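What follows is a set of notes on a single structure, which appears directly below.
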Amino acid sequence: MKKIIIIIPTLIVFTIIVAIICSPYQFCEKKNKKIVVSTIKINAPVELVYKFLGDSENAQYWSSYVDHISNLNDSVIPDGHVGSTRRCFQLNNEASGNIWDEEILAVTENKNRTLSIFNMQNFLVTSNHLITEQTYKELDNKTCELSFILYLNNDASWIDQLSLALFAYNVEDAFTKNIENVKLICEKSIGDNI
């Protein structure tokens, strides 16, 4: 019995350590910080992909996690522009499921969109220090590369770092599904008005 009392906690600690070491939350030299990233090549012009992702209404079509997004200040700041804020809902029922707010911090047309994530509700673990980016790289006039990136800002605690290392597997999985959906939709819609 004493061996079991020692073995089980040791295995749990060992499993957590391995999960952290193998986490997709890894150091990126270009950003000079740890990030979670998923990247995909899309056979569509960068302008089309950028415009599609800049419209919050389209999240319901490409996101594997978000049911819908409500713009909070679109009467003052247009959706997709610096300073625009929105509330994201995991479920159609706005009273349940995970809910969080986002604010667009920076935009470089057809290159980058940076958002802060805050006011997280109903999550197992929360942080008000999350930053997400959509980066776009034109490969030629008909092809681009899209990356979804998540990292913590400089005010994040060691608990935030540890939590993201453990939950990075879920983030990476959602990012991969999402960019694959964006690819399918944008490639299908070439020539259509999105």
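The values are calculated or read from the model by the stated rules, or taken from the named source; none is laboratory data. Note that the structure is predicted; figures quoted are calculated from it, not measured. Here Cβ is always computed from backbone atoms with ideal geometry, including for glycine, and neighbour counts include all displayed protein chains.
A Cβ distance below 6 Å, combined with a sequence gap of six or more or placement on separate chains, defines the contacts here; from the stretch 17-34, residues that are closer than 17 Å to Leu166 by Cβ reach residues that are assigned to a loop (DSSP other than H, G, I, E, B) and not β-branched (Val, Ile, Thr) in the pairs Lys34/Tyr25.
Counting only helices (runs of 4 or more DSSP H) that sit wholly inside the stretch 1-91, those with at least 1 residues that are more than 16 Å from Glu133 (Cβ to Cβ) and either modelled with pLDDT of 95 or more or touching a strand residue (DSSP E or B) at 6+ places or on another chain (Cβ under 9 Å) (or both) are 46-53, 59-62. Return the residues of the stretch 123-160 that are in contact with a strand residue (DSSP E or B) (Cβ under 7 Å, 6 or more places away or on another chain) and in a helix (DSSP H, G or I); say none if nothing qualifies. Asp160, the sole residue that qualifies. Within the stretch 74-85, residues that are without any contact (Cβ under 8 Å) to a residue 60 or more places away in the chain and at negative phi reach partners that are of a type outside the set (Val, Ile, Thr) and assigned to a loop (DSSP other than H, G, I, E, B) with beta carbons closer than 6 Å, at six or more positions or on different chains, in the pairs Ile77/Gly83; Ile77/Ser84; Thr85/Leu72; Thr85/Asn73.
Scanning the stretch 49-98 for residues that are surrounded by fewer than 17 Cβ atoms within 10 Å (Cβ to Cβ) and of a type in the set (A, V, I, L, M) turns up Leu72, Val76, Ile77, Val82, Leu91, Ala95. Scanning the stretch 92-131 for residues that are touching a residue at least 12 places away in the same chain (Cβ under 8 Å), within 17 Å of Tyr151 (Cβ to Cβ) and of a type in the set (Val, Ile, Thr) gives Ile104, Thr114, Ile117, Val125, Ile131. Here the condition is being surrounded by 15 or more Cβ atoms within 10 Å (Cβ to Cβ), at pLDDT below 95 and not hydrophobic (A, V, I, L, M, F, W, C); of Ser127, Ser157, Ser116, it holds for Ser127 alone. With respect to (1) within 15 Å of the chain's Cα centre (by Cα); (2) at pLDDT below 90, the lone exception for Gly97 is condition (1). Every condition in (1) part of a strand (DSSP E or B); (2) surrounded by 14 or more Cβ atoms within 10 Å (Cβ to Cβ) holds for Lys177 except the one numbered (1). Of all residue pairs spaced 6 or more apart or on separate chains, those with beta-carbon atoms under 9 Å, a first member in the stretch 170-184 that is within 16 Å of Tyr50 (Cα to Cα) and at pLDDT 95 or above and a second member that is charged (D, E, K, R) and surrounded by fewer than 16 Cβ atoms within 10 Å (Cβ to Cβ) are Lys183/Lys41.
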